[in-house]
Amino acid sequence: MRVERFCTITALWRSLNSFGFKQSRTVFAMRNKRARLVSTAFTRLLRDEGGNTLAMVAAGLVPLLAMVGGAVDMSRDYMVKTRLQQACDAGVLAGRKAVGNGSYGDAAKAQAARFFNANFPAGYQEGTQLSFTSSSANNGTTVDGVASVRVPNLVMFIFGMAHTDLSVTCTSALDVTNVDVTMVLDTTGSMDDPISDGLGGTTTKIAALRAAMKQFYATIKTASNGTTARARYSFVPYAQTVNVGKIVYATNPDWMDYTHSYQSREAQWRNETDTSKPPVGYTNPQTQNVDYYDTYSTGPYTTVSTFTSLSSSTCSSNVPNSGSWTNDGGTTSTNTVEYLSDGRRKTNALTNQPQKQEYVYTYSYSGFLYGTCSIKRATGYRVRHYGTVTYEDPVYPTKQVFTGWVYKKRKFDGVENQNLKNYLNGQTFVTRTGDNGADQSLVWAGCIEERDTINSGDVEYKNGAISPSGMKDLDIDGVPSSSEDGWRPYVPELTYFRTYTSYGNVYYNSADTSSEGLKSFASCPKPAQLLKSMTETEFASYADGLVASGGTYHDIGMLWGGRFSSSTGPFSATVNASPANGLYVGRHLIFMTDGIMQPGVDLYSAYGVEVHDKRVTSDGFSDQTQRHTQRFKAICESIKSKGVRVWVIAFSTALTDDLRNCASANSSFVSLNSQQLNDNFLKIAQSIGDLRIIK
């Protein structure tokens with residue numbers, strides 16, 4: 001009998017162990033059946049009086065079962081709650097990442113839900129009534145989440161506890177420390193090309209860039225709301241040069257070279273006399289002495305004697321001689337000028353003396369053979385003019401007739417009665433380089449030519465410096481020792497390259513001068529900006545002002561991005577300005593381009609007209625792209641060595657090894673459309689900030 005009872009108890013224990021401590025879907029389906037089995041077994045044990053020891057053991061199994069079952073269910077609940085917390089955290093982190101335009105909207109909530117569901121799939125550990133909601137009470141500055149699930153108990157249901165309700169809360173925030181962000185932006189002509197917006201429509205690359213920049217700003221702004229963090233921005237839009245000259249001049253005027261020579265042209269002239277205009281003067285005076293009388297006149301005649309019976313000849317012989325001329329009053333002086341038909345000028349300097357003659361006699365005769373003879377007299381009058389008459393030949397104005405050009409390298413430091421120093425001051429610079437030698441009035445836009453360099457094919461950054469030494473243009477921290485050692489104003493209006501024509505074909509002319517030439521393609525981007533804090537309106541205005549134009553010189557853009565970011569460079573006073581909170585400042589440079597390096601031999605760049613100036617290559621064209629790329633790579637390494645994190649975005653172009661290696665570790669992206677560009681700018685902003693769970 002005792003053996004039977006022992007076997008019964010042993011079978012019961014094995015049954016409980018099998019049904020109560022193994023987790024399977026079959027167990028859950030058989031829950032009611034097991035409950036009845038356990039209840040019957042205990043009832044039998046309680047009524048069985050065949051052995052006191054066995055009854056005591058059976059009675060002790062009840063609390064033992066509760067203890068073991070509770071531990072099993074509690075362990076399971078802890079595992080589920082931990083997973084639920086992790087999923088909640090993942091959801092609010094994803095939701096905070098998706099915050100856009102300063103609000104926590106439906107798209108961000110959907111993103112949070114997707115990440116929650118991915119981390120806590122429906123039905124996990126047979127859970128039911130799964131719920132997750134996310135919200136933000138401050139427009140996305142923080143994102144709050146609440147998650148809950150009902151978990152069935154494996155053992156404790158025996159004691160009337162069928163399930164356990166679990167819930168967790170979570171909150172995420174994107175914080176930002178002090179950051180300085182320099183954006184080096186490719187604004188070359190191809191940025192005006194159309195591109196997919198990633199949502200089924202099209203836009204332009206430059207419009208996509210503007211939108212991505214604004215999203216970047218909004219993300220940093222949201223992250224810094226309610227903190228003392230300082231965010232500053234600088235910009236270097238680049239093409240074949242950069243517009244940094246006015247910043248340089250304002251920092252130190254002596255850093256700009258106003259004695260520079262340019263690849264230009266000089267008008268050739270021939271002087272011609274312009275007889276269509278009045279003389280501008282007279283020359284070759286020829287003076288003569290003159291003495292003459294003006295028109296003779298007489299007063300009225302009176303009869304002084306009459307004869308009769310005289311012949312005509314006898315009458316005339318009786319006329320007395322006229323009297324002598326005597327002065328009649330004082331003299332006067334006159335000076336008169338006449339202009340003769342042949343252009344000469346006649347100047348009369350005369351003394352005028354009135355004179356009279358007493359008397360002037362005449363006669364009258366009437367009759368035939370012997371008639372009447374009347375003798376008459378009157379007083380004569382005249383004016384004597386004596387002095388000088390001077391004749392002068394006319395001097396007509398001359399006009400310059402344009403005869404052609406001489407294309408050459410030349411200075412403009414006074415030849416045009418102007419000076420490049422005045423040009424840098426903002427004054428108008430007038431040159432005779434317009435059509436047919438016409439005046440051009442130029443005002444400096446602010447772009448520059450680089451400092452002196454070496455046309456080496458082995459440029460690299462090693463041992464903490466650019467090699468070979470002496471490349472002033474690639475020295476991020478160096479400043480000029482004098483004006484002649486400085487940066488040069490970029491003057492696109494007067495820049496040309498030399499050519500010659502042979503059999504109808506136009507070729508580059510390597511001679512120092514030429515009678516033929518063509519205008520160099522030039523482009524001056526939007527003015528750059530040093531680091532400064534900006535309002536959202538200011539930032540958006542700058543982004544909207546970006547214009548696509550020009551050729552692609554990655555090296556010049558990256559070079560000035562480095563200068564604007566360097567704590568030991570020309571603008572270190574701005575870079576090192578301490579934030580009000582006195583905390584660490586993270587420095588970042590974002591380089592975005594939509595294309596490969598594409599220098600040109602005849603366009604006008606920061607390195608002049610390369611076919612003539614030969615600053616990068618020895619002959620003006622060989623290995624030009626390769627050499628500029630070497631410079632770009634060396635500059636990237638120099639910037640990273642200064643503690644600046646370099647981010648690179650290849651927009652609608654391949655992420656080449658050169659671009660990838662330019663970036664800091666894990667800091668390069670490819671954007672094939674507008675949406676991806678926006679996402680990548682957002683990723684950078686979130687990486688710059690500190691996205692984390694705060695509770």
Residue pairs meeting the criteria (Cβ under 7 Å; at least 6 apart or on separate chains; first over 21 Å from ASN581 (Cα atoms), in the stretch 226-237; second among the small types (Gly, Ala, Ser)): PHE235/ALA528; VAL236/ALA528; VAL236/GLY557; VAL236/GLY561; PRO237/ALA528
Some residue of the stretch 397-404 being in contact with a strand residue (DSSP E or B) (Cβ under 8 Å, 6 or more places away or on another chain) and surrounded by 16 or more Cβ atoms within 10 Å (Cβ to Cβ): no
Close pairs (8 angstrom Cβ cut-off, 6 or more residues apart or separate chains): of a type in the set (Phe, Trp, Tyr) in the stretch 442-457, surrounded by fewer than 20 Cβ atoms within 10 Å (Cβ to Cβ) and part of a loop (DSSP other than H, G, I, E, B) anywhere: TRP444/GLY426
All positions within the stretch 255-293 that are assigned to a loop (DSSP other than H, G, I, E, B) and under 29 Å from ASP435 (Cβ atoms): ASP257, TYR258, THR259, HIS260, ASP274, THR275, SER276, LYS277, PRO278, VAL280
Unique match (being surrounded by 14 or more Cβ atoms within 10 Å (Cβ to Cβ), in contact with an Asp or Glu (Cβ under 6 Å, 6 or more places away or on another chain), more than 30 Å from THR295 (Cβ to Cβ) and modelled with pLDDT under 95) among THR453, THR431: THR431
Any chance LYS421 is more than 30 Å from GLU637 (Cβ to Cβ), at pLDDT 95 or above, over 22 Å from the mean Cα position of the chain (by Cα) and surrounded by fewer than 21 Cβ atoms within 10 Å (Cβ to Cβ): no
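Here is a yes/no grid of residues against (1) closer than 30 Å to THR141 by Cα; (2) in contact with a Leu (Cβ under 7 Å, 6 or more places away or on another chain); (3) surrounded by 14 or more Cβ atoms within 10 Å (Cβ to Cβ):
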position: PHE157; (1), (2), (3): no, no, yes
position: GLY160; (1), (2), (3): no, no, no
position: LEU166; (1), (2), (3): yes, yes, yes
position: VAL179; (1), (2), (3): yes, no, yes
position: ILE195; (1), (2), (3): no, no, yes
position: GLY198; (1), (2), (3): yes, no, yes
position: ILE206; (1), (2), (3): yes, yes, yes
Sole exception among (1) touching a Pro at 6+ places or on another chain (Cβ under 6 Å); (2) at pLDDT below 95 for SER366, by number: (1)
From the options GLN129, GLN215, residue that is of a type outside the set (Asp, Glu), assigned to a strand (DSSP E or B), surrounded by fewer than 21 Cβ atoms within 10 Å (Cβ to Cβ) and modelled with pLDDT of 90 or more: GLN129
Complete set of residues in the stretch 84-104 that are out of contact with any helix residue (DSSP H, G or I) (no Cβ under 8 Å at 6 or more places or on another chain) and either outside the structural domain of SER135 (by TED's automatic domain parsing) or modelled with pLDDT of 90 or more (or both): LEU84, GLN85, ASP89
Which listed residue, of VAL184, VAL168, VAL179, is aliphatic (A, V, I, L, M), over 26 Å from the mean Cα position of the chain (by Cα) and assigned to a strand (DSSP E or B): VAL168
Wholly within the stretch 448-513, strands (runs of 3 or more DSSP E) carrying at least 1 residues that are within 21 Å of CYS662 (Cβ to Cβ) and among the aliphatic types (A, V, I, L, M): 465-467
Matching residues in the stretch 241-266 - criterion: being of a type in the set (Phe, Trp, Tyr) and in contact with a Gly (Cβ under 6 Å, 6 or more places away or on another chain): TRP255
Cβ pairs under 6 Å, 6+ apart, first in the stretch 316-336 and without any contact (Cβ under 8 Å) to a residue 60 or more places away in the chain and farther than 30 Å from LYS346 by Cα, second surrounded by 12 or more Cβ atoms within 10 Å (Cβ to Cβ) and among the charged types (D, E, K, R): GLY323/GLU358
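Return yes or no: is ASP555 at pLDDT 95 or above, acidic (Asp, Glu) and touching a Leu at 6+ places or on another chain (Cβ under 9 Å)? Explain how you work it out, then say what you get.
Details: at pLDDT 95 or above: yes; acidic (Asp, Glu): yes; touching a Leu at 6+ places or on another chain (Cβ under 9 Å): yes.
Answer is yes for this residue.
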Extreme residue, farthest from ASP257 (Cα to Cα), among residues of the stretch 416-447 that are touching a helix residue (DSSP H, G or I) at 6+ places or on another chain (Cβ under 9 Å) and not in a loop (DSSP other than H, G, I, E, B): GLN440
Number of the exception - THR495 against (1) surrounded by fewer than 20 Cβ atoms within 10 Å (Cβ to Cβ); (2) among the β-branched types (Val, Ile, Thr); (3) touching a strand residue (DSSP E or B) at 6+ places or on another chain (Cβ under 9 Å): (1)
Hits in the stretch 225-254 - residues which are assigned to a loop (DSSP other than H, G, I, E, B), β-branched (Val, Ile, Thr) and under 30 Å from TYR584 (Cα atoms): THR227, THR228, VAL244
Pick from the stretch 322-357, criterion under 30 Å from VAL280 (Cα atoms) and acidic (Asp, Glu), ranking: surrounded by the fewest Cβ atoms within 10 Å (Cβ to Cβ): ASP342
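The values are calculated or read from the model by the stated rules, or taken from the named source; none is laboratory data. All of these numbers come straight from a predicted model, not from anything done at the bench. When we count neighbours, we look across all protein chains shown, and the Cβ atoms used for this are built from the backbone with ideal geometry, even at glycine.
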